[in-house]
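The values are calculated or read from the model by the stated rules, or taken from the named source; none is laboratory data. Every value quoted in this text rests on a predicted model; they were computed, and no experiment measured them. Cβ placement follows ideal geometry from the backbone for every residue including glycine, while neighbour counts extend to all protein chains displayed.
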Amino acid sequence: MDVLRQKCDFKGIAVPRVSDLEGHRGDLEGAWGHMLGHQLPALPPVDVFWSVLPEFFGWLEGGPAPVIPAAYASVSGEILIRERALRLPIGLPGQSALEIIRFAAANRLVVELRYQGGTRRIEPYSLRQTQDRNVLLHAWNVDRNEHRSYRVDRIEGARSTNQTFTPRYAIELTPAGPVVIPRAAAPIMTVRSPLVPVRRSAPPARPAKPRKVQGSHGPTYVFQCPVCRKKFKRKSMTSALNAHKGAAGYPCPGRTGIYVKTEY
Ligand SMILES: [Zn+2]
């Protein structure tokens, strides 16, 4: 709070209050969709953003922090997974589904989960490893109105909706950052994903380009961010993406690239 006050003093403005924003709601509503819609897998409704502002400004002015609900009770032997390295051969569809689920959880958005041939709407809460070494996504099934857990290796896909939820448990999924599958565990080169155009034969012979001097020998791996579609070239088979900006210059939440092709 002191830092904020100092910054405002430095700029010669008063510390902002929620009442200062009232006059700008129309502008925000007008710009919300086209400003942010293409930046995110799913854009939360502007009403939801607006409705939490008083709580945020209350906290800024020294009020109580919002109450965080308790975590879903652990089954005995379960281990909470917070780190991003999942040592599981879940393949690319599962990997990008987990990225979408983390994004949705961070934004309190209901996820449409494709699982064992069906679709269900869920509130995602945590990843835990069971005693028999399966990794479960703990979630609330909105349609059945009850807690459910899903084996991550059986998740077929995920889509973030624009339906928000009020958490009934603590959200224990890391809010940002990639789920990194170690190369040895995941046969990345051979996964057939609908997102990945797979080249079935060797690349057509082309005259070799003059090689750049700065250590650019060896193949280049091209990864694509599933969120903003930006492509990244890599000298190693690493799918983790650094913080980057999407098309219109806003920070993109994507942190795991989808393998596209190898250039020689
Ligand atoms: Zn991106």
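Can you go through 81, 100 and tell me which one is of a type in the set (Val, Ile, Thr) and closer than 26 Å to residue 228 by Cβ?
Selected residue: 100, the only one of 81, 100 that is of a type in the set (Val, Ile, Thr) and closer than 26 Å to residue 228 by Cβ.
Out of the stretch 219-243, which residues are within 12 Å of the ligand (Cβ to nearest atom) and touching a strand residue (DSSP E or B) at 6+ places or on another chain (Cβ under 9 Å)?
Scanning the stretch 219-243 gives 223, 224, 225, 226, 227, 228, 230, 231, 232, 241, 242, 243.
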Of all the residues that make up the stretch 121-153, how many are under 19 Å from the mean Cα position of the chain (by Cα) and surrounded by 15 or more Cβ atoms within 10 Å (Cβ to Cβ)? 17
When you go through (1) part of a loop (DSSP other than H, G, I, E, B); (2) hydrophobic (A, V, I, L, M, F, W, C); (3) in contact (Cβ under 8 Å) with a residue 60 or more places away in the chain one by one for residue 92, which number turns out not to apply? (1)
In the stretch 224-255, which residues are of a type in the set (Ser, Thr, Tyr) and either surrounded by fewer than 20 Cβ atoms within 10 Å (Cβ to Cβ) or modelled with pLDDT of 85 or more (or both)? 236, 238, 250
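Among the residues of the stretch 26-38, is any in a loop (DSSP other than H, G, I, E, B) and touching a residue at least 60 places away in the same chain (Cβ under 8 Å)?
yes
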Pick from the stretch 249-264, criterion among the hydrophobic types (A, V, I, L, M, F, W, C) and within 12 Å of the ligand (Cβ to nearest atom), ranking: nearest to residue 34 (Cα to Cα): 252
